[in-house]
Amino acid sequence: MASNWETLIDEMKEGSIRALTRLITRVENREPGWMEAMKRIFPDTGKAQVIGITGSPGTGKSTLTNRITRVLVDKGFKVGIIAVDPSSPFSGGAILGDRVRMMDVCDLEGVFVRSMATRGALGGLNQSARDVVKLLDAFGKDYILIETVGVGQDEVEVVRTADLVLVVCIPGQGDAVQAIKAGIMEIADIFVVNKADLEGADQVVMDIKTMLDLDMDTSAAKPPIIQTIAIKGDGIQELLEQALVLLKTLEKRALWQEVRVREELIGLVEKEIVGLIKKNWKKDGGLDKAVQQIIAREIDPYTVVQEIITPLVSFLPGE
Ligand SMILES: Nc1nc2c(ncn2[C@@H]2O[C@H](COP(=O)(O)OP(=O)(O)OP(=O)(O)O)[C@@H](O)[C@H]2O)c(=O)[nH]1
Ligand SMILES: [Mg+2]
């Protein structure tokens, strides 16, 4: 491992925010040695609790995140925030920094905010978020909040793996119904009906209750529904109390741990093996040759794939 990785990790462990920021960027960019670096960091992870905050655009997720952060900081906790920016379909990149600036808690002692683009992450959004969570965890954050817009599979995947998921709805947008459509209904541990100062908040609560009652699984505990007015801070204490209680009691946490580790492992292996094959295959012109041979019908793609896979199988770990 390049020695500057080591220096960065040491500095990060001593509390350097600059080192943390650089580590995140370098791991996100998959700079050589990133895996060695993550290996060194892994023993210091597993302590932070991760809360996902999702919902339709403009429901007040950032305002809630700010409020929750303030309460946690007041309680003496250190908080990391990951704000996932939807990438513009035109530029392919994100409006990076915008979200970070929106977070008025950036300057609070013990708070670290990181923006992340939905696209462009070399390791994939999901893995990138997992890497950042680990880095923040190792840095000593007690709570990590991940804000994502609840549209699009990638964003939903990211919050899904949080220890606790808040799904934010607001009155007057049929958001409760939208939530089901986006498939985020199932992942909610708590429903937050924000903008309760607006007309129709009670109706949204009723809608959510109705939907939950339709759920066939009557044995499962229903997620609480909490009304908030994030701009004023109303309901935030109650929300957080419920969240902390659930975090302590959720069986999901243990179950998820297994699912998460499994998914992460398979995801990493997939990415690495494919990357390795591509790199080596291209290097000696083997890929070009195979393409030409297939076009000339001298060989079929299936044989080519089997030729690659077969020798691999004997090296795969067994039980
Ligand atoms: N009336 C009212 N407005 C609110 C409340 N909470 C947030 N807002 C406003 O709603 C708008 C959107 O708030 P954000 O916190 O940026 O919402 P968001 O869900 O993070 O938005 P995106 O990240 O763009 O999806 C802002 O103008 C907030 O001031 C609330 O409780 N009541
Ligand atoms: Mg936001």
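Read the figures in this text as sums done on the coordinates, not as results from a lab. Because the structure is predicted, anything quoted here is derived from the model rather than measured. For neighbour counting, all protein chains shown are included, and Cβ atoms are generated from backbone atoms with ideal geometry for every residue, glycine included.
Structural remarks
- Net dipole in debye of the chain [+1 Lys, Arg Cβ; -1 Asp, Glu Cβ; about Cα centre; nearest 20]: 680
- Sum of -39500 (n - 2.57) over DSSP H runs of 4+, divided by residues of the chain (222 nm, nearest 500): -16000 deg cm²/dmol
- Local electrostatic count at residue 307 - Lys and Arg +1, Asp and Glu -1, tallied over other residues with Cβ under 15 Å: -2
- Nonlocal amide H pairs with residue 53, under 5 Å, H built at 1.01 Å: 146, 147, 148, 166
- log10 of Debye I(q)/I(0), alpha-carbon scatterers only, for the chain at 0.09, 0.12, 0.14 Å⁻¹: -0.54, -0.87, -1.10
- Kirkwood Rh and Cα Rg combined as Rg/Rh, the range 262-313: 1.07
- Reduced Cα scattering model of the range 1-43, Debye log10 I(q)/I(0), q = 0.15, 0.16, 0.19, 0.21 Å⁻¹: -0.28, -0.32, -0.46, -0.57
- Pairs from the list 39/78; 61/278; 141/278 with a Cα-Cα gap above 29 Å: 61/278; 141/278.
- For residue 136, the shell of other residues with beta-carbons less than 12 Å away shows a net charge of +2, using +1 for Lys and Arg and -1 for Asp and Glu.
- From phi via Karplus (6.51, -1.76, 1.60), per-residue ³J(HN,Hα) for the range 217-231 in Hz, x at Gly/Pro: 7, 7, 6, 6, 5, 7, x, x, 10, 10, 8, 9, 10, 4, 4
- Other residues whose C-beta falls under 12 angstrom from the C-beta of residue 209 contribute a net charge of -3, scoring Lys and Arg +1 and Asp and Glu -1.
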